[in-house]
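Undergrad: The structure's right below; bear with me while I get my questions together.
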Amino acid sequence: MSVFAKLFGSGGKGGKAPTPQEAVQRLRETEEMLAKKQDFFEKKIQQELSTAKKNGTKNKRAALQALKRKKRYEKQLAQIDGTLSTIEFQREALENANTNTEVLKNMGFAAKAMKAAHENMDIDKVDDLMSEITEQQEVAQEISDVISRPIGFGEDYDEDELMAELEELEQEELDRNLLEIEGTEDVPLPSVPSTTLPSKPAKKKEEDDEDMADLEAWMAN
C-alpha cells in the first residue's frame, strides 16, 4: 500500500469519499500543526545563532556546530513554509469547489421547484387563463358602470328643455345687470348751496376806509 493510501485511506470501491467540509477541516488541522513546528524551528534558529555569537573566537568548534545546526533548522523551516503554501492553496481551492457545489445544488433545487410549479401548465393554458381574466375584467367593468349609472326612479327629463331653461335664466340675469348699469346715468347731481356767506362787519369796514384815506393824504403831502 502506498504512503498516500496509508495517510488518507484506501480509494477502493468500498471506501467512502470524504466530504469537502471534512477535507477542509483536516487541512486546517495540518496547517496548525505546521505552524507550531514553524515557531519551534524559529526559536531553535535564534538559540543556535546566540550560541555561535557567544562562543565566537573563544570556541570556534562550538560556534561552527551551532551555525551548522542553524542552517539545518533554516532548511527545515523553508520546507515547512513551502508545505504550508501548498496546503493553503489546496484548502482555498477545495473551499471554492465546495462553494460552487453548494451553489449548483441550490440552483438545481430551485429548478426542480420551478418545474413542479409549471407541471400542470403550458402556453395554451396560460393564454386561455389570460383571456378568461380579460373577459372577467370587462364584465366587472360593465357591472360597475351599470351600478354607478343614476336610475332616476321615473324622473325622465328632456335635456333640450333643461338647456333652454338654463339659457333663459342666464338671459334674465344678464338683463338685470344691464338695467342696474343704465339706472346709474339718471342719478341727479348735488345742487349748489343757496346760503350766502357772512359779510364783513360794517364798523370794521368803515375803520378800514378811514385808514386808507389817511394814508393817501399823507402820501400826497
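The values are calculated or read from the model by the stated rules, or taken from the named source; none is laboratory data. These numbers come from a predicted model, not from an experiment. Note that each Cβ is placed from the backbone with ideal geometry, even for glycine, and that neighbours are counted across all protein chains shown.
Undergrad: Given 87, 45, which one is touching a residue at least 40 places away in the same chain (Cβ under 8 Å) and out of contact with any Cys (no Cβ under 9 Å at 6 or more places or on another chain)?
TA: Working: 45 fails: touching a residue at least 40 places away in the same chain (Cβ under 8 Å).
Result: 87 is the single residue among 87, 45 that is touching a residue at least 40 places away in the same chain (Cβ under 8 Å) and out of contact with any Cys (no Cβ under 9 Å at 6 or more places or on another chain).
Undergrad: Within the stretch 1-34, can you find the residues that are at pLDDT 80 or above, among the aliphatic types (A, V, I, L, M) and loosely packed, with under 12 Cβ neighbours inside 10 Å? Spell out how you get there, then give the answer.
TA: Start the filter on the stretch 1-34 by keeping residues that are at pLDDT 80 or above, which leaves 16-34.
Still in the running and among the aliphatic types (A, V, I, L, M): 17, 23-24, 27, 33-34.
Matches in the stretch 1-34: 17, 33.
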